[in-house]
Each structure stands twice: as C-alpha cells, then as structure tokens.
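In what follows, a single structure is set out as structure tokens and then discussed.
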Amino acid sequence: MRLDRWSASEIVELDKASIIRRAGLPPRDLRILGPVFSRSSSILAREKAMVINLEFIRAIVTAEEVLLLDPLMHEVLPFVDQLRQHLPLRSRVGENGECAPDGNGEKQKGSLNEATGAEHELPFEFHVLEVALEVVCSSLDLSVSDLERHATPVLDELTKNVSTRNLERVRNLKSHLTRLLARVQKVRDEIEHLLDDNEDMEHLYLTRKQVQNQQVEALMSSAASNSIVLAGTGVPRLNSSFRRSLSIATSMHLDNDVEDLEMLLEAYFMQLDGIRNRILSVREYIDDTEDYVNIQLDNQRNELIQLQLTLTIASFGIAANTFIAGAFAMNIPGSLFNTDGSLFWPFVGSTSSGCFVITVLLLGYAWWKKLLGP
C-alpha cells in the first residue's frame, strides 16, 4: 500500500528493483523487511528513506510517501486506519504555509497563524514513525494486560493444588512471558540505540534533507547563471562568486537540532520501559509462587521423612519382640519347656513391655534431636 502525505492511498505491486529505484535503498535493506527478519525490530535511516521494521509493521518511508508491506493483515489494519486519520489532520496546513490540495487539485494559501503553527509541525516521516510506535506499543500493552489477566488465576490454582496440569499451565505462561519480554526488549533496545546516537537521529530528518537539497540545487543553478553573466568581467571574479555561492549553499540549514525526534522517542521509550517493568513484575510473581510451591513440597517431603522415621522406630521395637518369640519357638529340647505354663504370660508381658519402652526411648531421642516435628 502506498500512502502519501495527503492520505491518498492505493494498492500497488512493486518488485525489488522498483522499490530500490523509488526509495533509493540498497538491496540489503530489503532483506530486513523479508520473512526471515519479520519479528525483528529496526529503524534504519538512509539518504532518501527510512526503513521501519517494528513487530508486524514493515514500511519504507520517504519525505513524500510511505510504502507499507502486507497492509491487509489484521495486525496492520489499525496502523493503516490511524495513518488515514492522522495524515489529513496534519496535512491541512502544509510545511510552507500551504493547505492540502482541494478537489480541483489547486493549493490555497493558509493564514499567517496556520503557517506559524505548521513550522512546529512534525515532518511527515515522524508522523508515520509516531503512529507506528503507538500501534506497536498499544499491541504490546494489550498483550501484557492479557498476560496479567491470565497469570493470576493460574498461579493461584497452582498454590492450591500442585498437579501436573497446573504445572503445565504455568510452564506455558512462562514461555509466553519470555517471548513477550523479548519482543518488548527488541523495540526498546532499538529506540535506546537511536537515542544514544544523535547522528542517526539527524539522518532520520528526511524532509529537512529534502529541503536542504532543493535549496542547494537552487543556489547552484543561481550561481551557474550568474557566472555566465559575469564571465566577461574576468575569471577571478567568476571563481570568487561561484565559491561564495557554494559556501552559502553548503552551510545553509545545517541544523543539527534533533530535539523533536528525541522527545518523540523518549516518550515511547518510557512507555516501553513501563511495559517491560510490568512483565518483570509478572515474572517476579511467578518466581515467588514457585518459591512458595517449593517450600510446600519441601514441607511435605519433611513430613514424609518424619513418618518414615516413626515407622522405622516402631518396626525396630516389633522386630525385637518378634526375634524373642522366634528364638523360643525353635524345636530345641530344654528344661525351660518342662513347666506347667505359669511363666508364659509373665515372660511375654515383660518382653513386650521392654520392646515398647525401647521404642518410646528412641522416639524421645528423635524428638530431642528435633528429628520429629511438633
């Protein structure tokens, strides 16, 4: 889709060679807009164009138009709608104090106040960049809100019941969080890279460079025409006039002020930083929940170990009594067996009581050593 500064749009089919000639881009920049780098984030400044590859928005912006790839995708449609809404508002007053073309294709002069306000208007390429960043930030913000909305019930359910199903839901939640954090980080890093380099931001002023080139060409043509008139007066004067015109042309409008773009990028950098902090808060909540679940599991593991220790001590006491009963059950002749049975019950009672006392002593020792909990 091609949209110009007056919000006129049309669907066109262009091959790579046509795009390269139209926007003055090197062929390697088109690979950035290809499917391999479809989810990468980059904002590149070239001589006559700006290459925007932010999430699902892939566009080539010049000082006069924007070429948008895959404009009919459902993710890109909000970007197209906002461009159509913002560009007519912006183009009511032109950069030179002129209004947008009317139905007859003629331009009307704006008032002095409109022209003064237009001087503070952002250039066309920055309006496109602003809309792209706004759409991307809004999409990421909705994704984070959806993540926060789904994270709370999933984590609460895990704290109540540690099951395989709940653990799988938390694993999917963490995977989604990691991917979303990587997307936000890519866009944030790209904006931070631009903010750290004033030269890159200066190259993004496509309208300024276009005006400078037009003025340089006008001064060069004026100097050339003047040199023809002054050719009869002597070569030194011709060279002096030509050098003076060239010096004025090269030094004119060398305005390195990038405050407008810097303020624009800083606003969305802060917004992305806030989105990133929200994602990190969700990740901390997940980590805290995992720590709580691990504490629960450790507590249950300790309870099982205590139960195992109690059963082991009880088994030791029963085994001692069983050993005594097994020893006297052997078919060995002896005078002890030639009795009337009056010693049987006292003997059984004394041995059982002794084993019970041994068991209680072992349990008391384990309690004293804090091997068994309260």
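Whenever a residue of segment 1-29 is of a type in the set (Val, Ile, Thr), its partners that are in a helix (DSSP H, G or I) and open to solvent by less than 30 Å² (accessible area, probe 1.4 Å), lying with C-beta atoms within less than 7 angstrom and at least six residues away or across chains, give the pairs Ile19/Leu30. Are any of the residues in segment 2-20 modelled with pLDDT of 85 or more and either within 22 Å of Glu202 (Cα to Cα) or open to solvent by less than 10 Å² (accessible area, probe 1.4 Å) (or both)? Scanning segment 2-20, I find at least one residue that is modelled with pLDDT of 85 or more and either within 22 Å of Glu202 (Cα to Cα) or open to solvent by less than 10 Å² (accessible area, probe 1.4 Å) (or both), so the answer is yes. In segment 69-86, the residue that is most open to solvent (accessible area, probe 1.4 Å) out of those that are assigned to a loop (DSSP other than H, G, I, E, B) and charged (D, E, K, R) is Asp70. Selection of segment 41-68 for residues being open to solvent by 30 Å² or more (accessible area, probe 1.4 Å) and in a loop (DSSP other than H, G, I, E, B) yields Arg46, Glu47, Lys48, Glu64.
Does Glu202 satisfy being out of contact with any His (no Cβ under 8 Å at 6 or more places or on another chain), at pLDDT below 75 and open to solvent by 40 Å² or more (accessible area, probe 1.4 Å)?
Numbers: out of contact with any His (no Cβ under 8 Å at 6 or more places or on another chain): yes; at pLDDT below 75: no; open to solvent by 40 Å² or more (accessible area, probe 1.4 Å): yes.
Criteria not met by Glu202.
The set of residues in segment 253-289 being in a helix (DSSP H, G or I) and out of contact with any helix residue (DSSP H, G or I) (no Cβ under 8 Å at 6 or more places or on another chain) consists of Glu259, Met263, Ala267, Met270, Gly274, Asn277, Ser281, Glu284, Asp287, Asp288.
Which of the residues that make up segment 345-368 are open to solvent by 100 Å² or more (accessible area, probe 1.4 Å) and under 60 Å from the mean Cα position of the chain (by Cα)? Before the answer, list the steps.
Step one: of segment 345-368, the residues open to solvent by 100 Å² or more (accessible area, probe 1.4 Å) are 345, 356, 361, 365, 367-368.
Listed by number, the residues that qualify are Tyr365, Trp367, Trp368.
Within segment 162-186, being of a type outside the set (Val, Ile, Thr) and either free of Cβ contacts under 8 Å to residues at least 24 places away in the same chain or not in a helix (DSSP H, G or I) (or both) holds for Ser163, Arg165, Asn166, Leu167, Glu168, Arg169, Arg171, Asn172, Ser175, Arg179, Ala182.
So for segment 154-170 (the condition being polar (S, T, N, Q) and either outside the structural domain of Val282 (by the TED database) or open to solvent by 70 Å² or more (accessible area, probe 1.4 Å) (or both)), does at least one residue qualify? Yes.
The values are calculated or read from the model by the stated rules, or taken from the named source; none is laboratory data. As the structure is a computational prediction, the values presented were derived from the model and not from experiment. Backbone-built Cβ (ideal geometry, glycine too); neighbour counts: all protein chains shown. What goes into the accessible areas is simple: the full protein's heavy atoms, side chains included, and nothing from ligands, DNA or RNA. Shrake-Rupley method; radii C 1.70, N 1.55, O 1.52, S 1.80 Å.
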